[in-house]
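The values are calculated or read from the model by the stated rules, or taken from the named source; none is laboratory data. Predicted model, so just to flag it, every value in this text is computed and none were measured. No Cβ is skipped: glycine too gets one built from the backbone with ideal geometry, and neighbour counts run over all protein chains shown.
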Amino acid sequence: MRTQADELEDPLLEQRHEEDPPMIAFEDLRYSIKDKVILDGVTGSFYRFKMSAIMGTSGAGKTTLIDLLAARRSLGKADLEGKLQLGGAWPTDVVRKRYTGFCEQQDTLVSVLTVRETFECTAELKCATSVTRQQKLERVGELIRELGLEAIADSVVGGATATTRGISGGQRKRVNIGNALITKPPILFLDEPTTGLDSATADDVLSVAASLARDGGRAVVATLHSPSSRAFRLFVDKVLCLGTGGRVLWCAPTGTDGSGPLAMHLAACGIPYVEGDSLADTMMYVFGGGTEANPEERSLTFAKHWHECEAGATEASKVASAMATMEEDAGSVLKVLGKATEGSLAWDDDVTDARRVRAVATTRLHGILTLFYYRSLNNFTDYKYVSARLGDKIFLGLVLASLFWGEGSQQRSEKHVSDTVGLIWFACVIPGYSASSYMPTLVMERPVFIREVADGCYLPSTYLVAKLLEEWICLLPFSLCFVLSVYYSVSLQGSFIVLWLVSYLTGCIGVAIAYTIAAFSPNLETANSVLPTYITINILFCGYVIIYPEIPLGWRWYAHIDWFYYGWTAGMKNNFRQDHPFSDSDSVLDFYYVNRAPSIFVSMLALIAFTAFFSMTALIFLNILVNK
């Protein structure tokens, strides 16, 4: 790994790096929400082969700046002014998602995968279609060695919701960085990579980040809160320091001692650096105001010093020069991108590849198959996942069998018929409630989904189709177990296939509704309250709790948009057919107004239509979620 001392011994290499155009440049960025200014005229640049840090006081706009550079923040009602370029190109979605890597502050990893599987899955999703499977596997092996993860390559990532503890916090940070690096992007953004780590592990992570910049030829930019003196001296090449109000107070190399540019600048501002003190701590204390009560005035003063000093003028000149050569034409941007991403696995040099102009490198089908292979198959072998979906069905099936044993074949009493009607209703509506048992998993997967869509791994529709197929495939045998345990133990009449299809389709609708609610609910508590409330409302209008003619006229329309109504009436018509043992089965159907309900075939089509409708609703909310 190349250290800062190594580079100081190679002045020609250092000079060449400085003469290169900046990989990232931004000029007069102003970001505000209503009347509150978050970033105020921020100008700066970051280079290849350099580990650059964005630092500043709390609330100065560090995370906002890196989010804007990496397009991780939706403007919404906010206003953004200024210019930005990445590698000499206008920052389109294609440039940002296939040209940059972003590592979030919080871990967003799939707990059931191993480290190697995590990288392989990301490689399949993000690499260009021309990259072969063998090349992807070779890149994964290279990345594992580059990040020093050989010892845990085949260990499960784990986490709070996993069945195993998994890897350590520092290792998780490295895996997150690896996900961002899988396609060899020339730009890497790290948001607070040392948060939650002890000082030794934090220094280790920064050492890896610096190595990725200096040895890998990347521009690495990280927001840092309080790096150690050692890490700041050895691994940070350039610092952009923001003050109160989002103003630039410094954006240049810092040096390592009292003779360096930052220490000299502080001395010129009237606050000399004391040799032996931490330069990072001194900078934060001085620019942050220490214990003084007016940080706003202090920020304005130091911002003025920065703009008037030689280093500030030089930085502004470099940025202005870079902006003068920026390409905004779509065709020119592609040429710039192809040149800058030489060696990248996310970019295909073949001009006939239609996906070169798309932010997502692979097709929807490839994305669905990849998610199913790496995640769904792993979920199917995870006992937490399986037990949440199968346990309730086995338990309820056994309870219903013991309560209603043989009731369906009884023909002597209307009581037995009434019990059978209640059982059919229960068997048709219970799959809707079952979706709430795995709602926590859906809500907790949202950070992974949001991160991967922002990374350009897939479109929201790809994720939704893959997850719905996973749940529906899982539901097939589980619903079969439930209906088998009920149908034969209770001796229900009619077609077993029809009853099973009704139960299965109702469960499919429940899954689609669960994804809809998980997408728009702000937290797990809201999701867990909305789903059962909505299911209960639909139970009231299915025709069993209140017979259809007795539903108030103003509410009667609701029965026709209630999927339970179609499921229960189909189950009733299937069970109380003309060959039913009960001598007056038609009177049962007349009493519950089922004879006037749609036929079994039409009801099945209605259940399929509801499945499609709620799946589309889930997709709409997922798109809203990623665009917030």
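The numbered conditions (1) within 25 Å of the chain's Cα centre (by Cα); (2) touching a residue at least 24 places away in the same chain (Cβ under 8 Å); (3) closer than 22 Å to Leu224 by Cα are all true for Lys126 except (3).
Rundown of residues vs (1) of a type in the set (S, T, N, Q); (2) in contact with a strand residue (DSSP E or B) (Cβ under 6 Å, 6 or more places away or on another chain); (3) closer than 28 Å to Thr183 by Cβ; (4) surrounded by fewer than 20 Cβ atoms within 10 Å (Cβ to Cβ), yes/no style:
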residue	(1), (2), (3), (4)
Pro447	no, no, yes, yes
Leu464	no, no, yes, no
Lys467	no, no, yes, no
Leu480	no, no, no, yes
Leu484	no, no, no, yes
Tyr488	no, no, no, yes
Val498	no, no, no, yes
Gly507	no, no, no, no
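Residues in the stretch 188-219 that are in contact with a Ser or Thr (Cβ under 8 Å, 6 or more places away or on another chain), of a type in the set (D, E, K, R) and closer than 17 Å to Val175 by Cβ: Asp191, Glu192.
Entry remark, the stretch 590-624: residues being in contact with a helix residue (DSSP H, G or I) (Cβ under 6 Å, 6 or more places away or on another chain) and at pLDDT 90 or above number 14 in total.
Each residue in the stretch 212-237 was checked for being within 23 Å of Leu181 (Cβ to Cβ) and surrounded by fewer than 20 Cβ atoms within 10 Å (Cβ to Cβ), and 5 pass. Among the residues of the stretch 156-178, some residue qualifies, meaning at least one is part of a helix (DSSP H, G or I), surrounded by fewer than 17 Cβ atoms within 10 Å (Cβ to Cβ) and of a type outside the set (Phe, Trp, Tyr). In summary, helices (runs of 4 or more DSSP H) completely within the stretch 513-621 and bearing 1 or more residues that are in contact with a Ser or Thr (Cβ under 7 Å, 6 or more places away or on another chain) and in contact (Cβ under 8 Å) with a residue 60 or more places away in the chain occur at 524-540, 563-575.
Residue-by-condition table, conditions (1) over 26 Å from the mean Cα position of the chain (by Cα); (2) among the small types (Gly, Ala, Ser):
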{"site": "Ala388", "(1), (2)": "no, yes"}
{"site": "Phe404", "(1), (2)": "yes, no"}
{"site": "Trp425", "(1), (2)": "yes, no"}
{"site": "Cys428", "(1), (2)": "yes, no"}
{"site": "Ala435", "(1), (2)": "no, yes"}
{"site": "Met439", "(1), (2)": "no, no"}
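Ala361 meets the conditions (1) at pLDDT below 90; (2) more than 28 Å from Ala70 (Cα to Cα); (3) surrounded by 14 or more Cβ atoms within 10 Å (Cβ to Cβ) in every case but one. The failed one is (2). Looking only at residues in the stretch 234-257 that are part of a loop (DSSP other than H, G, I, E, B) and not small (Gly, Ala, Ser), the one that is farthest from the chain's Cα centre (by Cα) is Asp257.
Taking the stretch 31-54 as the range and being touching a Pro at 6+ places or on another chain (Cβ under 8 Å) and part of a strand (DSSP E or B) as the test, the residues that pass are Ser45, Phe46, Ala53.
For the stretch 130-146, the criterion of being among the β-branched types (Val, Ile, Thr) and in contact with a strand residue (DSSP E or B) (Cβ under 7 Å, 6 or more places away or on another chain) is met by none of the residues.
Of all residues in the stretch 519-540, those satisfying the criterion of being surrounded by 14 or more Cβ atoms within 10 Å (Cβ to Cβ), farther than 17 Å from Pro431 by Cβ and not β-branched (Val, Ile, Thr) are Ala519, Phe520, Ser521, Leu524, Ala527, Asn528, Leu540. When Gly196 is tested against (1) in a helix (DSSP H, G or I); (2) within 30 Å of Thr64 (Cβ to Cβ), exactly one condition is not met: (1).
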